[in-house]
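Since the structure comes first, as structure tokens, the remarks are kept for the end.
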Amino acid sequence: MSKLMLTGVGIILIFMIIAILAPLISPHPPNRVNLTARLMNPTSAYPLGTDHLGRCILSRTLHGTRYTLGLAFIVLVIILIISTVIGCISGYYGGLTDETMMRVVDIFLAFPAIILAIAIVGLLGPGLINLLVAMSFVWWAGPSRLIRGLVLTVKEREFVAAVRALGARDSRIIFRHIFPNILPPIIVLLSLEMGSIILSISGLSFIGLGARPPTPEWGAMLSEGYLYMETSPHLMIFPGMAITLSVLGFNLLGEGIRDFLDPKGKYAAGLSKF
Amino acid sequence: MRSYILRRFISLVPVLFLLSLITFGLLCITPGDPAEMALSRSGVNPTREAVEAMKTELGLDKPLCLQYIHWFGKALHGNLGTSYRTGEPVTQEILYRLPATMELSLAAIIFIFIVAFPAGVLSAIYRDRLVDNASRIAALLGVSLPGFWLGLILIYLFSMKMEIFPVIGRGGLNHLILPAITLGSGMAAIYSRFIRAGMLEALSQDYIQAAYARGIRSWRVITRHALKNALLPIITLFGMSFGNLLGGAVIVETVFAWPGVGKLVVDSIFERDFPVIQGVVLFMGLIYILTNLLVDITYTWIDPRVRLKRDR
Amino acid sequence: MSRLTKTKRTVIPCVGLLLLLSLLSCCNGKEKPGASSRFTIGVGRDLYFGPSSPIFLHGSLNVWEGLTGLDHRLEVRPLLAVNWEAQKDGRLWVFHLRKDVSFHDGEPLNAEVVVKNIERMRNPRFDLYGVYRNVKSVAVVDQFSVSFLLHTPDPVFPSRLSYFGSPMFSLKSFDYKGNIKEPLGTGPFMLKGHRKGESITLVRNERYYLGIPMLKEIVYKYIPNPSTRVSALKAGEIDAIVDIGGILPEQVPLLDRDGDIEIFKQEVATTHYLLFNTRRLPFSSQGLRQAVSRTVDREEMVQTIFGGYALPAREFFSPLAQVWMSKATKLFEGSAIAERPTENTSKHSQKVILVVNAGLAKRWPYRPVSEVIQAHLRDIGINAEINMLEMGAWKDALKRGNFDISLCPYTLMTGDPDFFFSWWMHSKGQLNVDRGIGYQNPVADDLIEEARSEMNPERRKETYDQLQEIIARDLPLTPLFHDVAIYACKKRVQGLRLDAFFRPCLGETWIKIH
């Protein structure tokens, strides 16, 4: 493992520990309103200061790890499931099924994802569930095409033909023989998307289409904080740094994986949707 | 070549049709009454009679499928309907905002090239040296920064504290700099890595080595031979990232109050201006597809060895 | 092969030029605008509404005017109409017009034009708050007098015609459908240009009947982000911020520090309410509604969240309408603020949904308010979940009753209590129904209908006193704050004032030249 990758793994591990221990290491409850201590600069009681409702920014940022990273992880799992199913069916059966599915994929790729995501959450109303729906809705297409490609290559391998000759059913071939072979690259490739997913989630929350108050989601904290930008910049600086750091962690990891798989660096670093 | 282009154009139609159908479907399940939204813009609560009259005026009292057919029929003739909010033609609304978005995207592209070319070329030449490592870390940071946050930080530092750049809206070049940097930073990071990779590959080719051997000065080798090779993946990337640029413009326009298409669509979504949402969706899809087509064509033009692979 | 080098050769000078130009334009940016009598105002919302709207432009722009207006005590005063009288027990109203008024295109204002405008406004699509539902016919009396025949007597008909109630446009302004092509009003300023989503430019009306305005040109800039709006004022990119919600209370200290900026406040006729869904548990319980109303500490919120720029509300509608204030509000006050919840309320430990309109939260601090209310409710054992919905979804949720409590502003546009009670308290009142309150009280319904056409002022006042008592007890909704608009301008700007409907008097504004 390279130094970069180790740093990445280190950052991710720290964030995971923070997510688990958030309630223990936070100096205050994240949602406790204290109107007598509004918009305070960092002090010993509030190491990162307080927001417009006198809530501790450190505690909220620490708790935010759970929401932002947790959400990104759930989105990742959903995308994984959807795109695997579609990619497998499309790649395995080929023909008209494949053609139709790839046309639909084209349509989804033919569109700036963020606009579609904004449209969906904007129309369905903000909230974590709708955010998940929108993110999955706009994100499945790319990975599906990728997985389809993987299935196509595995399908040509001899053992598949052998199993088929033995008379195994299609579903069995897909799930018992093809799927295990493509799973490792899928996981690696999708984990490269993690950074972009975090950025998209916080971006949607930032324009008011994500987490509901008082959820201490980082993007939502930023959108509350930017009204006070000039007087109290610390409201937006710390959640923003948390987002950057966590995305950096995943990008470092991805960069490391990429170096390993593809030393010449042919693939782009996580093409951000924002 | 011509028949290829023609075929690509024809294949646009079903894509755009489905795109509009998806958008329309989304609009149908949307809560909120566009007629009421249009009327309450002035801040008063309209009466039920007013809302009903507005619905009739906008044709919202008809069955949904009829509404769609009606809209689609007109769209085929290039008429995207009129905005619920302002009562003005949607095409006019979009065309009015388009220059602003184009200006911003263009500025971002210029920024990307100013940053990415030197960074990419230098880090390829000085591979694994300080320049390379520094640019690598900068690139990683660049893709990790949330665009909206970077925008806010730039506003805070350069507009509010140092008062170098104006804070609002569109105007001269100085209005353009901060939004362009915000929009371009992530992409510049990616491009610089791509250029580096392309350069490295080119530099390792035999003919480059041969050129060196012939005694051609190294910067000439780099500019004349290596860069051309590095350019090829950039064009593909450009096609891929144009959509991202348009998408990114939505957030940047919101942060900087930039009166472009992105801001138009966000405002329209919040105010349930269905015809404008439909129009922008179609329009952006069209631009995106056309850009990709253009990229494919340029690709074959620069490097005739490449067959039109995308033509399945 | 040389293709690339060619690009490079062009790129380098381009970059140089770009940098040079940006430097140059930076220098330009430092130059203070507004040295002439061009005046730039920043606002947080787009005041351009377009042809499908009854008014084309917001009233704040001073382009069009109504027949009457309301003063700071929400009492009706002459504007395009000089005086008026009621006949036939208030069923017939005759308005006499000013004789010296002309539209921006030079056409004179007379009875015929007014009648045509009123006919246009009678189209339900333009009659936004239903002023003309009660109008049976409108007719020319003489060249400068117009009569309105009503279905039922209306003691405050002139108030209803104020401001948005009767915008007057030249007949050349609108087409056969009534859609405005060009807003040719009578106001002190005329529309010169409009850049969609950016700005509106006005020039002064040299023919204005109250005297030529001192400002030659006004530019309204639409700046949605509050922070950038204030920065723009400090940097001199704009001369003033004048709109309700234009400056957040938190930003006042920041502007205060700037020696070149003056801050003003103006009480306006907008009141913010906490709405209850009375159709379902738990807020079908009157006791619980009272408990919540008592628990919410208005004073504290005004001091902290609003920084003092709001009035804690003890009255159900704007206290600017002094004549209509009653002792009932005292009754509400007595039971309201101080008392803490009693034991029996804390057994209602349940989950409720507090729905907040994200669109409104951009103009008022609804988000912190709702979070404070959430905290207060927790004290009395109610666990409130905040649900931020944007405008369309919010209206939908309330209409369907998918909420327990919500926040909502309301402006007393006619300055008359009927405008509150008919909309919010009557069983069929549109906002009572559409905002999902679902309050039903036949006694109140009768009183509201009676008061609406009661021509005797004393009896009318008594009825409204009674209604205020009923509503203070039943609390289908409870008032939280009366709005105070904050506005600010550069010190050299003189005479800029707002009325109770946050409309600036641009005709009387001028810029002092050193």
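Does residue C:86 fit the bill of being buried (at least 21 other Cβ atoms within 10 Å of the Cβ), over 15 Å from the mean Cα position of the chain (by Cα), of a type in the set (Gly, Ala, Ser) and more than 14 Å from every other protein chain (Cβ to nearest Cβ)? So residue C:86 fails the test. One residue alone among C:215, C:161, C:191 is within 15 Å of residue C:63 (Cα to Cα), modelled with pLDDT of 90 or more, of a type outside the set (D, E, K, R) and touching a helix residue (DSSP H, G or I) at 6+ places or on another chain (Cβ under 9 Å), and that residue is C:191. Could you go through segment C:404-423 and let me know if any residue there is within 30 Å of residue A:224 (Cβ to Cβ), touching a Ser or Thr at 6+ places or on another chain (Cβ under 9 Å), part of a helix (DSSP H, G or I) and at the interface with chain B (Cβ under 10 Å from one of its Cβ atoms). No, segment C:404-423 has no match at all. Could you please let me know if residue B:43 is exposed (fewer than 13 other Cβ atoms within 10 Å of the Cβ) and under 23 Å from residue B:267 (Cα atoms)? Against the criterion (exposed (fewer than 13 other Cβ atoms within 10 Å of the Cβ) and under 23 Å from residue B:267 (Cα atoms)), residue B:43 does not qualify. Across segment C:386-403, the qualifying residues are those that are within 11 Å of chain B (Cβ to nearest Cβ) and not in a helix (DSSP H, G or I), and the one among them that is surrounded by the fewest Cβ atoms within 10 Å (Cβ to Cβ) is C:400. Output the number of the condition that residue B:202 fails; it satisfies all remaining conditions of (1) within 14 Å of chain C (Cβ to nearest Cβ); (2) within 30 Å of residue C:40 (Cα to Cα); (3) aliphatic (A, V, I, L, M). Result: residue B:202 passes all but (2). Among the conditions (1) out of contact with any Ser or Thr (no Cβ under 7 Å at 6 or more places or on another chain); (2) not in a helix (DSSP H, G or I), the only one that residue C:132 does not satisfy is (2).
Here residue A:178 meets each of (1) assigned to a helix (DSSP H, G or I); (2) surrounded by fewer than 19 Cβ atoms within 10 Å (Cβ to Cβ) with one exception, condition (2). When residues in segment B:53-72 are screened for being free of Cβ contacts under 8 Å to residues at least 24 places away in the same chain, away from chain C (no Cβ under 14 Å), surrounded by fewer than 18 Cβ atoms within 10 Å (Cβ to Cβ) and not charged (D, E, K, R), 5 of them pass.
When each of C:283, C:264 is tested for being in contact with a helix residue (DSSP H, G or I) (Cβ under 9 Å, 6 or more places away or on another chain) and of a type outside the set (Asp, Glu), the lone residue that passes is C:283.
Of C:153, C:124, all but one fail to be in contact (Cβ under 8 Å) with a residue 60 or more places away in the chain, farther than 15 Å from residue C:80 by Cβ and surrounded by fewer than 22 Cβ atoms within 10 Å (Cβ to Cβ); the exception is C:153.
Selection of segment C:216-258 for residues being crowded, with 22+ Cβ neighbours inside 10 Å, part of a loop (DSSP other than H, G, I, E, B) and over 20 Å from the mean Cα position of the chain (by Cα) yields C:237, C:238, C:239.
The residues of segment C:48-63 that are hydroxyl-bearing (Ser, Thr, Tyr) and more than 8 Å from chain B (Cβ to nearest Cβ) amount to a single one, C:60. Considering segment C:437-449, the residues that are of a type outside the set (Val, Ile, Thr) and surrounded by 14 or more Cβ atoms within 10 Å (Cβ to Cβ) include one that is farthest from residue C:474 (Cα to Cα), namely C:449.
Within the set C:177, C:234, the sole residue that is over 24 Å from residue B:42 (Cα atoms) and among the charged types (D, E, K, R) turns out to be C:234.
Residue-by-condition table, conditions (1) facing another protein chain (nearest Cβ under 9 Å); (2) surrounded by fewer than 22 Cβ atoms within 10 Å (Cβ to Cβ); (3) farther than 17 Å from residue B:96 by Cβ; (4) modelled with pLDDT of 85 or more:
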| site | (1), (2), (3), (4) |
| --- | --- |
| B:248 | yes, no, yes, no |
| B:275 | no, no, no, yes |
| B:295 | no, yes, yes, no |
| B:300 | no, yes, yes, no |
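Residue C:210 fails exactly one of the following numbered conditions: (1) among the aliphatic types (A, V, I, L, M); (2) buried (at least 24 other Cβ atoms within 10 Å of the Cβ); (3) within 27 Å of residue C:74 (Cα to Cα). What is the number of that condition? Single failed check for residue C:210: (2). Of the residues making up segment C:424-463, those that are of a type in the set (Gly, Ala, Ser) and within 14 Å of chain B (Cβ to nearest Cβ) are C:429, C:436. In the condition set (1) more than 13 Å from every other protein chain (Cβ to nearest Cβ); (2) exposed (fewer than 15 other Cβ atoms within 10 Å of the Cβ); (3) under 21 Å from the mean Cα position of the chain (by Cα), residue A:129 is compliant with all but (1).
The values are calculated or read from the model by the stated rules, or taken from the named source; none is laboratory data. Just so it is clear, the model here is predicted, and its values are computed rather than measured. Ideal geometry is used to build each Cβ from the backbone, glycine not excepted, and the neighbour counts take in all protein chains shown.
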